[in-house]
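The values are calculated or read from the model by the stated rules, or taken from the named source; none is laboratory data. Remember, it's a predicted structure, so these values are computed and weren't measured experimentally. Every residue, glycine as well, gets a Cβ built from its backbone with ideal geometry; the counts of neighbours run over all protein chains shown. Each accessible area value is taken on the protein alone, full model and side chains, heavy atoms only, with ligands, DNA and RNA left out. Shrake-Rupley method; radii C 1.70, N 1.55, O 1.52, S 1.80 Å.
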Amino acid sequence: MASAVSLAGLEKSYDYVIVGGGTAGCVLANRLTEDKDVRVLLLEAGGDKTTDPLVLTPGLVPAVYGKDEYDWNFQSVPQSTLNNRIINQARGKMLGGSSALNFMMLVYPSKASIDAWAAVGNPSWNYEALKPYLKKFATVDVPSASTKDICALTYNNDTVAYGDGPVQVSFGEGYGVTNKGWFDTFASLDLLSKTDARDGQALGAFQNANSIDPATKTRSFSAVTYLTAEVRARENLKILTNTHVNKVLFDTTGSEPVATGVEINVNGTVSQVSANLEVILSAGALQSPQILELSGVGGKEILAQHDIPVVIENPAVGEGMQDHPIVCQSFEVNEGTPSGDVLRDPAVVQALLDMYTADRSGPMGQLTISVAYTPLVNKTGVVSDECVQELFAGRDFSNPARAAVRDIVANPNEPTFQYILFPTQVHIADKPENMATHLIPVEPENFLTIMTILNSPFSRGSVHIQSSDPKALPVWDPKFNDDELDMELLARGVQFVENLVAPDTAMGKLLNQTGRRLPQLKGDDLETAKEIVRQRQISVFHVSGSCAMRPRDEGGVVNERLQVYGAKKLRVVDASIFPVEPAGNIQAVVYSVAERAANLIKEDRKAGKV
Ligand SMILES: Cc1cc2nc3c(=O)[nH]c(=O)nc-3n(C[C@H](O)[C@H](O)[C@H](O)COP(=O)(O)OP(=O)(O)OC[C@H]3O[C@@H](n4cnc5c(N)ncnc54)[C@H](O)[C@@H]3O)c2cc1C
């Protein structure tokens with residue numbers, strides 16, 4: 001039974017109650033309170049770390065992983081296609097959510113991967129509809145002349161910033177010979193991007209920017225950019241941190257359940273807050289479905305297992321989970337080739353921190369990752385249309401979502417793969433304690449890592465409660481490569497890596513060709529490439545799709561206005577609504593979806609539709 005508690009300044013009711021002050025939640029809190037007539041409560045389970053150097057200093061990100069005050073630290077169930085390894089999934093547990101501990105890469109989605117959202121039953125959500133919001137959330141600074149030169153940004157004629165939003169994005173200054181080797185290698189394979197990937201169509205190597213503020217060289221994330229001092233001072237916004245939302249409360253007396261508020265737990269004291277207009281779940285792709293199930297919205301078997309009365313039966317809650325699989329192959333470098341593995345020496349870390357503290361210079365304030373998009377490739381390069389069709393022959397694509405993914409992979413102008421040049425070794429463990437396990441250099445040699453990411457996977461995983469205790473993490477089963485096409489595609493992507501590291505390429509010349517590889521395997525034949533996937537695939541931390549925006553009878557949880565089917569006054573706004581995983585790193589799409597959702601919510605209120 002909930003008791004009434006006195007929480008400083010907390011009123012009994014607000015117009016909107018936002019659950020989760022993460023990437024999307026902070027956007028909503030800002031945009032909805034632009035309207036002085038509405039009162040908004042933002043509830044976040046974690047604390048406010050917006051002045052914490054471990055969060056703000058780009059180079060210190062590994063220090064927050066696995067720590068309870070920053071990271072929910074999910075572990076998957078063992079993955080049968082990955083030698084039964086457990087996959088770790090960091091998730092931000094603080095104001096700003098996962099934008100406060102992500103890798104800060106700012107990559108924009110490909111047009112077709114967003115148009116696929118319309119193709120699976122959401123005609124009002126295509127690339128054109130999202131485009132204005134892709135420019136609304138961030139301001140991308142102009143790259144310097146040297147960055148343009150090293151990173152082959154020749155198509156990029158920027159003289160002014162791209163976009164005009166709150167998140168501050170920059171290219172940095174630290175690019176060097178390894179980045180040049182990357183671009184020269186892709187150029188020699190005729191795979192250098194000639195167009196700006198930010199505009200939805202690009203193939204080949206390109207330089208992404210990062211969500212690092214160029215003025216301060218600090219992480220620019222949703223809690224500092226959308227919840228500025230000025231926004232926090234708004235009288236119509238109340239932010240409550242260290243507040244765990246247990247469930248959504250419903251009035252079930254009418255024809256349709258109406259969300260009336262939420263139950264919260266603050267330091268063990270349980271209480272209730274009402275929402276006059278709406279409850280909006282923004283707890284992320286692993287926890288928005290958890291809260292729905294705890295509230296009685298989900299599959300009836302799962303709810304029955306935990307003695308939760310059914311309010312709305314919808315077995316699609318927590319299903320449809322998507323993520324980008326990423327295969328990490330590390331290559332020993334030649335002496336003299338720069339590698340981040342030198343950070344194994346605490347004296348080097350201290351020297352770099354001293355530089356950063358003195359004048360914000362040096363690697364602690366930068367990221368030097370470079371990327372590339374390619375169509376379906378294998379060891380011979382770009383795969384012919386006939387080979388693509390052969391791969392699909394005899395398989396069932398009657399499900400519109402599978403057909404939409406097939407159409408992207410079959411399109412020679414779309415990026416089936418994203419490749420990443422990562423400046424350190426990556427360590428894969430059978431049961432990693434947390435995300436830092438992958439990043440701490442345990443091998444004595446210095447390495448670079450090439451990562452192969454499948455942009456449009458066919459497999460679908462799940463996340464479901466394992467207890468009626470709101471504090472117990474739900475069970476995450478990504479079911480990586482459950483659809484065997486993903487393994488077929490990924491292995492071909494891994495085969496292609498041999499073209500990048502061959503001795504005669506610019507990249508290959510930076511590597512010790514007789515040195516170590518992690519794993520010690522050469523992936524040029526398909527079977528060995530599959531073994532590399534089994535040993536070295538993890539998650540890119542792009543979980544999405546677990547409360548998908550789709551027609552209800554096709555696995556949907558929310559409609560095109562992001563309202564939960566079967567309920568009144570309840571929406572979901574975060575990565576869980578993505579019906580199809582976009583290409584590239586997904587924070588740009590999370591921010592843009594939240595920006596668009598804020599407009600939909602405002603429109604509905606003005607039209608008297610809530
Ligand atoms: C390690 C890592 C690296 C990544 N790197 C990149 C990258 O380089 N580039 C990129 O584009 N993307 C990256 N991503 C992905 C991107 O950051 C996420 O997809 C995005 O931030 C998710 O936003 P969201 O709003 O859906 O969820 P989140 O930002 O995770 O927000 C959810 C919020 O809800 C809160 N919450 C959860 N449950 C409750 C509850 N019961 N009560 C109250 N509050 C609750 C959480 O604490 C959290 O603050 C990365 C992600 C991770 C984890």
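The separation of the stretch 189-239 from the stretch 386-423, counted between C-alpha centres, amounts to 28 Å. Sorting L82, L60 on solvent-accessible area from highest to lowest, probe radius 1.4 Å, gives L60, L82. With the highest mean first, a sort of the peptides 41-48, 140-147 on other beta-carbon atoms found within 10 angstrom per residue produces 41-48, 140-147. A Cβ-based charge dipole, computed about the Cα centre of the stretch 451-511 with Lys and Arg at +1 and Asp and Glu at -1, lands at about 240 debye. Working note: Karplus 6.51/-1.76/1.60 with θ = phi - 60° gives the stretch 75-83 the couplings 10, 6, 6, x, 9, 5, 7, 10, 6 Hz, where Gly and Pro are set to x.
Using the Karplus relation 6.51 cos²θ - 1.76 cosθ + 1.60 with θ = phi - 60°, the per-residue 3J(HN,Hα) values for the stretch 512-517 come to 7, 5, 9, x, 7, 10 Hz, with x marking Gly and Pro. The D354 and E230 beta-carbon pair, evaluated with R₀ = 30 Å, returns a calculated FRET efficiency of approximately 0.35. Among D483, D307, the sequence by solvent-accessible area, most first, with a 1.4 Å probe is D307, D483.
Note down the magnitude of the dipole of the stretch 45-108 about its Cα centre, charges +1 on Lys and Arg C-beta and -1 on Asp and Glu C-beta and zero elsewhere, to the nearest 20 debye. For the stretch 45-108, the charge dipole is close to 200 debye.
Can you classify the stretch 54-153 as rounded, prolate or oblate using the Cα gyration tensor, where a ≥ b ≥ c are the square roots of its eigenvalues, rounded means a/c under 1.5, and otherwise it's prolate if a/b beats b/c and oblate if not? Judged from the Cα gyration tensor, the stretch 54-153 comes out oblate (a/c at least 1.5, b/c at or above a/b). Among the trypsin sites (Lys or Arg not before Pro) found in the stretch 415-501, those both in a DSSP coil and sparsely packed, with 13 or fewer other Cβ atoms within 10 Å of their Cβ, are K471. Considering only DSSP beta bridges where both residues belong to the chain, give the percentage that are antiparallel (nearest 5). The antiparallel proportion sits near 70 percent.
The mean sequence separation of alpha-carbon pairs under 8 Å and at least six residues apart, normalised by the residue count of the chain, gives a relative contact order of 22 percent.
Only helices enter the 222 nm calculation for the chain: every DSSP H run of n ≥ 4 contributes -39,500 (n - 2.57), and dividing by all residues gives -7500 deg cm²/dmol, rounded to 500. Put a plus charge on the Cβ of each Lys and Arg, a minus charge on the Cβ of each Asp and Glu, and nothing anywhere else: the dipole of the chain about its Cα centre is then about 1020 debye. Rounded to the nearest 10 degrees, the angle from helix 526-536 to the longest Cα principal axis of the chain is 50 degrees. The apolar share of the surface of the stretch 88-149, taken as the fraction of accessible area on carbon and sulfur atoms (1.4 Å probe, ligands and nucleic acids excluded), comes to 56 percent. Rolling a 1.4 Å probe over the protein heavy atoms leaves K194 with an accessible area of roughly 150 Å².
For the peptides 25-31, 531-537, the ranking by packing is 25-31, 531-537, with the highest mean count of neighbouring Cβ atoms within 10 Å listed first.
Of the residues T505, T260, the one with the largest accessible area comes first in the ranking T260, T505, computed with a 1.4 Å probe on protein heavy atoms.
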